[in-house]
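For reference, the structure discussed in these notes is given below.
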Amino acid sequence: MNEERTLALALRQQQLLARSAQLRGRVADDMAPWKQRLALADEVRSTVSTGWLWLRRHPEVPAGLAVAVVVLRPGRAWRFGWRWGRRAWLGWQIYRRVLGGGAPARAPMGPTAASLARMLVELTRR
């Protein structure tokens, strides 16, 4: 009985291995049209990653570009800095209030939707 069970299990294993090989072949055939696109995506990801690492190693380049923009276009740089600075400040204030970093000790449940809306209105009026 034990030998019959072992033979049945070995046969089932062989059938499953054959089916698995067949399915892997079908997946490979189905993915063949995507191979070139995925290779391009991998290359772009690698290039972006390498470029980001280069920028992190050479912070003088973006700093120099920022200085050049400020010198050549001070009005545009000021408007850009003001606009994004306000957005960053607003985001920081919302982050602090929502996560409780700036919430008073007497409000353990955190801000309500109405208080968040009032805060947004106040911050955008400034």
Quiz item: Does the stretch 26-48 include one or more residues that are loosely packed, with under 11 Cβ neighbours inside 10 Å, under 30 Å from residue 116 (Cα atoms) and either of a type in the set (Phe, Trp, Tyr) or touching a residue at least 12 places away in the same chain (Cβ under 8 Å) (or both)?
Solution: no
Quiz item: If we keep just the residues of the stretch 86-126 that are open to solvent by less than 50 Å² (accessible area, probe 1.4 Å) and in contact with a Gly (Cβ under 7 Å, 6 or more places away or on another chain), which is modelled with the lowest pLDDT?
Solution: 103
Quiz item: How many residues, within the stretch 53-74, are exposed (fewer than 10 other Cβ atoms within 10 Å of the Cβ) and assigned to a helix (DSSP H, G or I)?
Solution: 5
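Quick one: which of 8, 77 is surrounded by 10 or more Cβ atoms within 10 Å (Cβ to Cβ), modelled with pLDDT of 90 or more and either within 30 Å of residue 120 (Cα to Cα) or among the aliphatic types (A, V, I, L, M) (or both)?
Values: 77 fails: modelled with pLDDT of 90 or more.
Within the list 8, 77, the selection yields 8.
The values are calculated or read from the model by the stated rules, or taken from the named source; none is laboratory data. Since we're looking at a predicted model, the values are computed, not measured. Cβ sites come from the backbone with ideal geometry, for glycine too, and all protein chains shown count toward neighbours. Just the protein is used for accessible areas: all its heavy atoms, side chains included, with ligands, DNA and RNA removed. Shrake-Rupley method; radii C 1.70, N 1.55, O 1.52, S 1.80 Å.
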